[in-house]
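Let me begin by presenting the structure, written as structure tokens, before commenting on it.
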Amino acid sequence: MKKKYKKKPETQKLFVPVPKKDDGDEKSSSSSKPTNNQNSQQKPKPNAKQSSNTKSNTPNLHLATKEQLLAELEKRQDEERDDEVEGEDIEEEDSLEDNASRWIRGSFPEKVIIIGGGPAGMASAIYAARAGLSPMIIAPAMGGQLQGKGVDVENYPGLHNFTGPAVIASMRSQAATFGAVFEDDFVTKIDASSRPLKVFGNSTGVIEAHSIIVATGADSKWLGIPGEFELRGGGVSSCATCDGFLFSGRHVVVIGGGDTAMEDALVLARTSKKVTMIHRRDSFRASKVLADRVKNHPLIEIQWNTVLEKIEGKPISTPDNDSNDDDDADEMDLDDVSATATDTTEKIVSAAVLKDVVTGEIRTLSCDAVFVAIGHSPNTGFLDGVVEFHSDHPGYVQTIGTSTKTSVPGIYAAGDVSDAVYRQAITSAGSGAAAALDAERFLSEEGLGNEEAEMEAELLRELASEMNDASNQSDMGYNAYEDAGGRVHGVKESLGAEL
Ligand code: NAP
């Protein structure tokens, strides 16, 4: 028994070192109250915190007076209350951060509404926010070419080793820092027949604005053939500039006969082993200079009168389905085909099934990637009948000169919606910044968005109304465009006449 009681429990080492009692004490202690009840003799020792408290400033409550007990009780209640308040403060701070960049409907029209959350929209937002315009951005939370890009963005200066979503998230938080506010919605219509302009959000309803920046981007056109959707990110791409480098030293296929297809083929020929162009007709529609370069390039082969029927894939070992843990999760080994892979295993492009449209012959071409370059569709359907479109590039918004101005004063276009040529994240961001500068100049020149002036005029109107001197006043409330002297063009005729 003595041997047993001398053995300390393991928790003992966590305690503040206590001078060890000599064996004699221990013996006398354990032997002074001999009993058969082991539990009563092996009382659990206090934990370290309690132990140190007892030693320092916590009174010995067994010996405390009633006053000391009450003081201790009060002190503990105070500590509990402080802890609760601290917890609430932290929760409140978190939710404030979440809510800070959410749009809240106000009493006045928005100074500027930016439609679209890609690089063009975010650059507009940062510039407009820094100009004190408190821009409102309407865009679906998920969407946009960059947002859907799983691989790294390698061609945006200063942003190396970032994925598309990471770049967008960073731009978004930068805009929010300067006061931009966001609404997760998509726009169905714009009404520019009267001022303020009206933006119709699918779930938000009508929002009035003095100016609008359209930055809704363009979506790549796809063929809609088997394997195309399934193998996106596994060798099927619509952006040679973005993804071509991943297939250095490989055989790649390009579909299309326009300028984009030519440029893609030429870009890919710089790094790929071989480029095969597949075109459905016997001549290119691309500009002669580009077409000639493609035709004369030693690494580019053209298959005329041919269409792509199907893209085939082969399973690949990736860090997720490979038992060998690989540190670099982004890397795929294009040669490492897993023999045991199942249907759910990730796949990469292995071949293109082609059809000769003249002879009907079907053939299979081994390849490592397929770049679909059959054009883009700008997301401008909601602008039908509102702004003018480009005569040479159907669906693209026509901008005036080198500016981002559209045919409607106060409406600006930035990024791929008005750029059928460059369509890069960096060029979109540049035009987004320009659009914010154009919008800011418009608001300043027209004297719009001055909420103090609008508030003052509203009060004056109410006073005048009370003095029964408002017989000629409409009950529409204050109209900032009266203050602007009717200089804003594109105002609805009836309103123009009033002005
Ligand atoms: P695009 O000129 O419309 O050419 C699309 C190509 O894809 C055409 O050759 C078309 O074949 C083919 N195509 C369309 N649908 C297809 C399908 N379902 N199956 C197979 N092939 C299909 O588009 P883009 O090349 O993207 O050019 C768009 C505009 O941007 C053009 O005006 C172009 O000049 C301009 N751009 C200019 C530059 C530059 O100047 N550096 C660079 C890029 C783009 P068909 O020929 O048989 O119709």
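The values are calculated or read from the model by the stated rules, or taken from the named source; none is laboratory data. Nothing here was measured: the structure is a model prediction, and the numbers come from that model. Note: ideal-geometry Cβ built from the backbone for every residue, glycine included; neighbour counts use all protein chains shown.
Points to keep in mind about this one:
- Among the residues of the stretch 390-406, the one identified as touching a Gly at 6+ places or on another chain (Cβ under 9 Å) and within 11 Å of the ligand (Cβ to nearest atom) is GLY395.
- Pairs linking a residue in the stretch 407-423 that is near the ligand (Cβ under 9 Å from one of its atoms) to a residue that is assigned to a loop (DSSP other than H, G, I, E, B), with Cβ atoms under 6 Å and 6 or more positions apart or on different chains, are ALA420/HIS393; ALA420/TYR396.
- Residue within the stretch 211-222 that is part of a helix (DSSP H, G or I) and in contact with a helix residue (DSSP H, G or I) (Cβ under 7 Å, 6 or more places away or on another chain) present: no
- SER283 closer than 21 Å to GLU230 by Cβ, modelled with pLDDT of 95 or more and hydroxyl-bearing (Ser, Thr, Tyr): no
- Subset of the stretch 363-389 (residues that are in contact (Cβ under 8 Å) with a residue 12 or more places away in the chain and within 16 Å of the ligand (Cβ to nearest atom)): LEU365, VAL370, PHE371, VAL372, ALA373, ILE374, GLY375, HIS376, SER377, PRO378, ASN379, THR380
- Among (1) at pLDDT below 95; (2) surrounded by 21 or more Cβ atoms within 10 Å (Cβ to Cβ), the one test that GLU93 misses: (2)
- Qualifying residues in the stretch 217-227 (those that are within 11 Å of the ligand (Cβ to nearest atom) and closer than 22 Å to ASN379 by Cα) - the one surrounded by the fewest Cβ atoms within 10 Å (Cβ to Cβ): GLY224
- Criterion violated by GLY164 - all others in (1) under 13 Å from the mean Cα position of the chain (by Cα); (2) within 17 Å of ALA413 (Cβ to Cβ) satisfied: (2)
- For the stretch 294-308, taking the residues that are assigned to a loop (DSSP other than H, G, I, E, B) and farther than 21 Å from VAL357 by Cα, the one that is nearest to the ligand (Cβ to nearest atom) is identified as HIS297.
- Residues that are away from the ligand (no atom under 11 Å from the Cβ), in contact (Cβ under 8 Å) with a residue 40 or more places away in the chain, part of a loop (DSSP other than H, G, I, E, B) and charged (D, E, K, R), drawn from the stretch 232-288: ARG250
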